[in-house]
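Engineer: Following this message is one structure expressed as structure tokens.
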């Protein structure tokens, strides 16, 4: 008898069904996740690792068979309540990543099995709360998944042009290769 595997969501792009998991964590995490912060507790005293483990497990039913991604990309979108400048590279997402790894949907969080993408975004509505959203997708579907529009990040047309301008990318690549 063939086992049926549980996948949280699928989205279609150009006739391709893309499996993915989507996690949401509500709270003001930017101060707790600072790398220089030695206290990793929420206001109520809950350890941040315990929090991410618990919330990750509660978002899906992991008691049955579910899809495990051999090579995955974990896309983190950190929604902030204001435009105060914050460096995403100064935030330690390890407790969050470990919480997702412990669900078993990714084989491991080593570089051979997991790649990371981090985005910051502004909350668009006064009624929304600060949060972190995480998408976990197979690496082979990254471009197709991004083209579905499931993830929206605040990029101006100018920024979009800058990263899609093929001639500019080729020039940067050529100049970079000159250093090697």
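Bear in mind that the values in this text are calculations on the coordinates, not laboratory data. None of these values were measured; they are calculated from a predicted model. FYI the Cβ positions are ideal-geometry reconstructions off the backbone, even for glycines, and counts take in every protein chain you see.
Engineer: Between residue 110 and residue 86, what FRET efficiency comes out of the Förster formula 1/(1 + (r/R0)^6) with R0 = 35 Å and r the beta carbon distance, rounded to 0.05?
Structural biologist: Numbers: r = 27 Å, r/R0 = 0.78.
Efficiency for this residue pair is about 0.80.
Engineer: Viscosity 1.002 mPa s, temperature 20 °C: what is the translational diffusion coefficient of region 9-153 from Stokes-Einstein with a Kirkwood Rh over Cα pairs, rounded to a whole number of µm²/s?
Structural biologist: Values: Rh = 16.0 Å.
For the chosen part, D equals 134 µm²/s.
Engineer: Output the relative contact order of region 9-153, whole-number percent, from Cα pairs under 8 angstrom with separation of 6+ residues.
Structural biologist: 37
Engineer: With N residues in region 21-106, what two-decimal value do you get for its Cα radius of gyration over 2.2 N^0.38 Å?
Structural biologist: Values: Rg = 13.8 Å, N = 86, 2.2 N^0.38 = 12.0 Å.
Compactness ratio reported: 1.16.
Engineer: To continue, here is another question. Residues of region 10-31 with amide nitrogen under 15 Å from the 7 Å Cα-to-Cβ point of residue 125?
Structural biologist: Label zone hits: none.
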